[in-house]
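Participant: Sending over a structure as structure tokens; questions will come in a sec.
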Amino acid sequence: MIALVTGASRGIGAACAKRLAADGYTVLVHYHRSAAAAAALAAEIRGIPVQADLGDFAQIDRMTAEIRQQHGRIDLLVNNAGIALDGLFQDISDADALRLFMVNVGGVMHTVKRLLPDMLHAHTGCIVNIASVWGECGAACEVHYSAAKAAVIGFTKALAQEVGLSGIRVNCVSPGVIDTEMNAVYDAETMAALAGETPLGCIGRPEDIAEAVAFLASARARFITGQVIRVNGGFYI
Ligand code: NAP
């Protein structure tokens with residue numbers, strides 16, 4: 001079985017790649033800039049690095065064509081890569097706003113568009129999109145990010161309805177605050193406050209998300225599609 005995990009060079013994506021490799025998948029370890037980290041992880045889990053800027057449709061076309069040529073159909077697509085933008089709504093530049101939507105929404109939808117036909121043809125496949133708690137409840141100073149993640153949730157629900165009869169399941173994992181480089185913008189005080197606001201009293205680990213992804217990818221989740229699985233320590237219920 002072959003899985004493509006986008007943004008697998010670090011953080012949640014790297015944890016997903018390791019977890020899925022442990023489950024027996026050959027993992028295509030996608031990265032954008034972190035070539036060395038992706039190569040090291042691929043060596044560790046006997047995966048294969050693949051590169052693309054997911055904010056650029058032409059690069060997605062090139063990467064997915066290479067994947068199809070070298071590996072044929074993939075069984076599992078984990079759309080994890082994403083970027084965040086911190087700041088007041090009106091202070092975010094038009095270029096940054098467009099870039100965030102191109103990576104976080106366009107990248108997800110276009111990657112699916114290119115890899116879905118093989119799944120449809122084979123009448124099987126699984127897609128897991130990584131959303132965010134902010135896409136469910138919204139966050140001040142992360143308005144573009146929240147809107148983009150809400151779009152990922154909407155995309156998941158709609159596509160699940162369109163492709164269910166074709167044997168393809170589409171779900172989201174919606175993480176709460178997870179200890180990765182994405183949150184390096186926050187100081188220790190802010191992270192402690194976020195942990196304090198979480199009923200389970202701590203922030204999550206990348207492995208917590210990987211566990212939910214592995215479950216959704218497995219046959220144990222055969223009757224689950226179109227769902228948003230919250231892994232957030234109770235931060236949003
Ligand atoms: P991270 O540590 O910042 O890692 C981001 C990953 O995305 C990296 O592998 C990076 O690749 C890749 N990436 C960034 N820009 C890209 C682009 N233009 N094209 C292709 N790949 C790109 O992030 P993370 O915290 O693990 O987050 C992973 C996912 O979970 C994201 O979708 C994020 O929105 C979501 N999420 C995270 C949290 C959290 O608290 N951490 C909470 C909710 C949701 P390179 O390193 O190769 O550049």
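The values are calculated or read from the model by the stated rules, or taken from the named source; none is laboratory data. Fair warning: this is a prediction, and the values are worked out from it, not measured in the lab. Neighbour counts run over all protein chains shown; Cβ positions are idealised from the backbone, glycine included. Areas reflect the complete protein model, heavy atoms only, side chains present, ligands, DNA and RNA absent. Shrake-Rupley method; radii C 1.70, N 1.55, O 1.52, S 1.80 Å.
Participant: Name the single residue that is farthest from the ligand (Cβ to nearest atom) among those in the stretch 17-27 being within 15 Å of Asp75 (Cα to Cα) and in contact with a Leu (Cβ under 8 Å, 6 or more places away or on another chain).
Facilitator: That would be Tyr25.
Participant: Asp61 - would you say it is more than 10 Å from the ligand (Cβ to nearest atom), surrounded by fewer than 17 Cβ atoms within 10 Å (Cβ to Cβ) and either more than 19 Å from Val185 (Cβ to Cβ) or in contact (Cβ under 8 Å) with a residue 60 or more places away in the chain (or both)?
Facilitator: yes
Participant: Take the residues of the stretch 24-39 that are over 23 Å from Phe101 (Cβ atoms) and out of contact with any strand residue (DSSP E or B) (no Cβ under 9 Å at 6 or more places or on another chain): which is least open to solvent (accessible area, probe 1.4 Å)?
Facilitator: Gly24
Participant: Please enumerate the residues belonging to the stretch 199-211 that are of a type outside the set (D, E, K, R) and either away from the ligand (no atom under 12 Å from the Cβ) or over 30 Å from Leu76 (Cβ atoms) (or both).
Facilitator: Matches in the stretch 199-211: Pro199, Leu200, Gly201, Cys202.
Participant: Turning to a different aspect of this structure: Might you check whether a residue that is β-branched (Val, Ile, Thr) and surrounded by fewer than 19 Cβ atoms within 10 Å (Cβ to Cβ) occurs anywhere in the stretch 202-211?
Facilitator: No, there is no match, as no residue in the stretch 202-211 is β-branched (Val, Ile, Thr) and surrounded by fewer than 19 Cβ atoms within 10 Å (Cβ to Cβ).
Participant: Regarding Asp53, is this residue among the charged types (D, E, K, R), within 9 Å of the ligand (Cβ to nearest atom) and open to solvent by less than 60 Å² (accessible area, probe 1.4 Å)?
Facilitator: Yes; evaluated as a whole, the condition is true for this residue.
Participant: Given the criteria within 13 Å of the ligand (Cβ to nearest atom), modelled with pLDDT of 95 or more and open to solvent by less than 40 Å² (accessible area, probe 1.4 Å), does Gly135 qualify?
Facilitator: Yes.
Participant: Just to check your reading of the model, which residue among Ala84, Ala8 is open to solvent by 40 Å² or more (accessible area, probe 1.4 Å), near the ligand (Cβ under 8 Å from one of its atoms) and in a loop (DSSP other than H, G, I, E, B)?
Facilitator: Ala84
Participant: In addition: Determine whether the stretch 183-198 contains at least one residue that is in contact with a Leu (Cβ under 9 Å, 6 or more places away or on another chain), part of a helix (DSSP H, G or I) and either under 19 Å from Ala17 (Cβ atoms) or more than 15 Å from the ligand (Cβ to nearest atom) (or both).
Facilitator: Among the residues of the stretch 183-198, not one is in contact with a Leu (Cβ under 9 Å, 6 or more places away or on another chain), part of a helix (DSSP H, G or I) and either under 19 Å from Ala17 (Cβ atoms) or more than 15 Å from the ligand (Cβ to nearest atom) (or both), which makes the answer no.
Participant: Taking Ile153 as the residue in question, decide whether it is open to solvent by less than 20 Å² (accessible area, probe 1.4 Å), assigned to a helix (DSSP H, G or I) and either over 30 Å from Leu194 (Cβ atoms) or within 14 Å of the ligand (Cβ to nearest atom) (or both).
Facilitator: yes
Participant: Is it fair to say Gly196 is surrounded by fewer than 19 Cβ atoms within 10 Å (Cβ to Cβ) and under 20 Å from Leu116 (Cα atoms)?
Facilitator: No: the conditions fail for Gly196.
Participant: When you check Ala3 against the structure, is it within 8 Å of the ligand (Cβ to nearest atom), of a type outside the set (S, T, N, Q) and not in a helix (DSSP H, G or I), yes or no?
Facilitator: no
Participant: What is the one condition in (1) more than 15 Å from the ligand (Cβ to nearest atom); (2) touching a helix residue (DSSP H, G or I) at 6+ places or on another chain (Cβ under 6 Å); (3) in a helix (DSSP H, G or I) that Val170 does not satisfy?
Facilitator: Among (1) more than 15 Å from the ligand (Cβ to nearest atom); (2) touching a helix residue (DSSP H, G or I) at 6+ places or on another chain (Cβ under 6 Å); (3) in a helix (DSSP H, G or I), Val170 violates only (3).
Participant: Out of Ala14, Ala42, I need the residue that is under 14 Å from the mean Cα position of the chain (by Cα), open to solvent by less than 30 Å² (accessible area, probe 1.4 Å) and within 15 Å of the ligand (Cβ to nearest atom). Which one?
Facilitator: Answer to the check: Ala14.
Participant: Could you go through the stretch 15-23 and let me know if any residue there is assigned to a loop (DSSP other than H, G, I, E, B) and not hydrophobic (A, V, I, L, M, F, W, C).
Facilitator: There is at least one residue in the stretch 15-23 that is assigned to a loop (DSSP other than H, G, I, E, B) and not hydrophobic (A, V, I, L, M, F, W, C).
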